[in-house]
1. Rounded to the nearest 5, what is the percent of antiparallel bridges among the DSSP beta bridges in the chain?
2. Would you work out the charge dipole size for the chain about its Cα centre, treating the Cβ of every Lys and Arg as +1 and the Cβ of every Asp and Glu as -1, and quote it to the nearest 20 debye?
3. Hey, with R₀ at 25 Å, roughly what FRET efficiency would residue 44 and residue 328 work out to, going by the Cβ-Cβ distance, to 0.05?
4. Placing unit charges on C-beta atoms (Lys and Arg positive, Asp and Glu negative, everything else neutral), compute the dipole magnitude of the range 649-723 about its Cα centre in debye, rounded to 20.
5. Considering the dipole of the chain built from charges on the beta carbon (Lys and Arg +1, Asp and Glu -1) around the Cα centre, which of 40, 57, 484 is farthest to its positive end?
6. Sort 170, 693 by Cβ crowding within 10 Å, fewest neighbours at the top.
7. If I model a spin label at residue 25 and residue 381 as a point 7 Å from the Cα along the Cα→Cβ vector, what separation in nanometres do I get?
8. So how far apart, in nm, are the two label points at residue 363 and residue 657 if each is 7 Å from Cα heading toward Cβ?
Amino acid sequence: MTLKDLNIGEKGIITKVKGRGSFRKRIIEMGFIKGKEITVTRKAPLSDPIEYQIMGYSVSLRQSEAELIEVVTSNESIISGLPYNGVIGTAKLKKEVVKKSKTIDIVMVGNPNSGKTSLFNFASGSREHVGNYAGVTVDSKTTIFKHKGYIFNITDLPGTYSLTAFSPEEIFVRNYITTHMPDIVVNVIDSSNLERNLYLTTQLIDMDIKIVIALNMFDELLKKKDEFNYDLLGKMIGIPFIPTVGSKGKGIKNLLDTIINVYEDSDNTIRHIHINYGKEVEESINKIQEVLRLDKALTDKVSSRFFSIKLIEKDKEIEQKLKTSNYYDKIIEVAKKEIKRLEIIFNEDTETVIANARYGFISGALKETYKQKIIVSDEKTLTQKIDSVLTHKYFGFPIFIFFIWLMFQATFSLGKYPMEWLDMFVSFTGDTLKNILPSSILTDLLIDGIINGVGGVLVFLPNILILFLFISIMEDTGYMARTAFIMDKLMHIIGLHGKSFIPLIMGFGCNVPAIMATRTLNNRTDRLLTILILPFMSCSARLPVYILIAGAVFPKYASHVIFSIYLFGILLSILVALIFKNTIFRNAEAPFVMELPPYRIPTLRSVVRHIWFKASLYLKKMGGVILIASIIIWLLGYFPLNINYSKNYDAEINTYKTQLDKLIISKDANGNLNDSIKNIYKEKINELKLLKESERQQKSYIGKLGKLIEPVIRPLGFDWRMGI
């Protein structure tokens, strides 16, 4: 709850003051500190500003300013039955204030493939999906846990290379930070690629926020035997560096302890610095800042320096945000004037000028703190050796096709054994219950409706687990990113690039997360076109149907048939994409820029989590949609109970049973019963039972429904049974 939410006459206790710069300094000096009681006295005729009483005097704040102050209401104490005398010593109130003030809001940001989500999982005990390729996290994930008396409210944001409004995830991350104003930003950095990862850090520094750097994958830096004095670099830029290995949980405790110290302002490393962009650029920044500071509502939440730099970089998203300001025209006028001046001085666009200055700052900082081991040998790294085969000009594509074929071959061939065991278990369970329970509608519902209905889908779980096992290994090893590299030229023909191929491959698992993964594509046209062709990728939900059809019609070549079905879907998606490219998305550009991460050995923990996460989604579907659907289908097939059959099947069945019993009693002269005669009677009895069941199904509600849709499917050669 914030100060803005209090009603007239309502009292509250301040638990946290957000905001920044002059606003925060001014408000704290006026007595708006943790633990102070504040009362809403009145509101202006238009409800803004609002008058408050604190420490015996009145003060007015705008709603936008009041929104930056968190409170807990005094009424909570009254409701609990505890006495309240306007003193914070009240047990209930004191407990609430301590609880609120000891909640640390944290966001985790970092480059794609920096191990951010692995760190998030280990720190919080969550089970979010991780992978060795860019764009695994496509939205924010939040979790809450306790550490040393503090409540950690951590949000994992999508991976981003910068805070420039170039891609959806970059805009999302920047807007999240500026809107939610977290207490701490944990910047996760890949230790094996410091220079590129620190580029994002320089932008966070410009935002004037508290930062803790998690120096992730530190084991890889040690393996290379590079020397890195991260303590010195931390003191130079005013940010503590904590070495971590997210995949193994190393350094997590130290990271959490450092976050607490930074939050309590007890960390000696923390200090705010300004990145020096050079005399001319700094002069332009100051001139734009002077105009921006006229609008306090803007600079109370976001650093005026950050706004100024983004305007110099020609950030259209920032310009759009500034349109709400009364000083918009003046701000843009000054910004354009300074951009023109800088481009004349440097003879290049201002975006490049700022980027060069940032990398110059990083280079200077690393020159004093980082010493890379010089490798004299021309020997290739392990990643380069593997890539020379897997991404080979001639062998790369056939190897990729082989891996996909192997995935489906294993899915069917290996999956059929546990599939048979599960099928036997479901049948055994149904038969056992049928013998134990009395004959009734509820028994039929339990066995035929629920167990056989859900069990019929459950038996395909092993096939789906094997499919996800292969996809998980491809993701975690880094081969998924190589598929984008291999497929880029073919994808370019249909108006896309290789990066779009990753969501398409993910579509084999499930179309929903695959569609979400298209957010990582920078171009809006790429995202739309990829989403439109994704449904042609056969997801795991369709796999049971393919297995049933292929196993029944082509038992000897089932795996090849399934592979062909998937391949046909891919070819159909290409055809549709070509049509869209030449109609709706004509002349759309598709630039290809994608990181190829180093190959890594998948951890058992990560693979198991990935598979379990997907399996749990499948099991939830069985417990929800499939269970309900099974019951509905059973009810439609079971009712009505009073069916007028075309003949008396039960009487005929009993007649054949009586004759069979007489034959068994009489037998022949030698005391033997002719097997052929016995089999004729049994076949006749079974035939009558099948005819009765067929007629019962035809006259049930589901049979009538099948008859209703039969005219629609009749041209395809299907009857009402196929319609059902």
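Quick note: the coordinates plus some simple rules give every number you see, no bench work behind them. Keep in mind that this is a model prediction, so the values were computed, not measured. Because the Cβ atoms are built from the backbone with ideal geometry, glycine has one as well, and the counts that use them run over all protein chains shown.
1. The answer is about 60 percent antiparallel.
2. Result for the chain is approximately 720 debye, rounded to the nearest 20.
3. On the way: r = 25 Å, r/R0 = 0.98.
With R0 = 25 Å, the Cβ-Cβ based efficiency is 0.55.
4. 220 debye
5. Going by the Cα projections, it comes out as 40.
6. Details: 170 21, 693 11.
Final ranking by Cβ density, sparse to dense: 693, 170.
7. 4.5 nm
8. In this crude spin-label approximation the distance works out to 9.3 nm.
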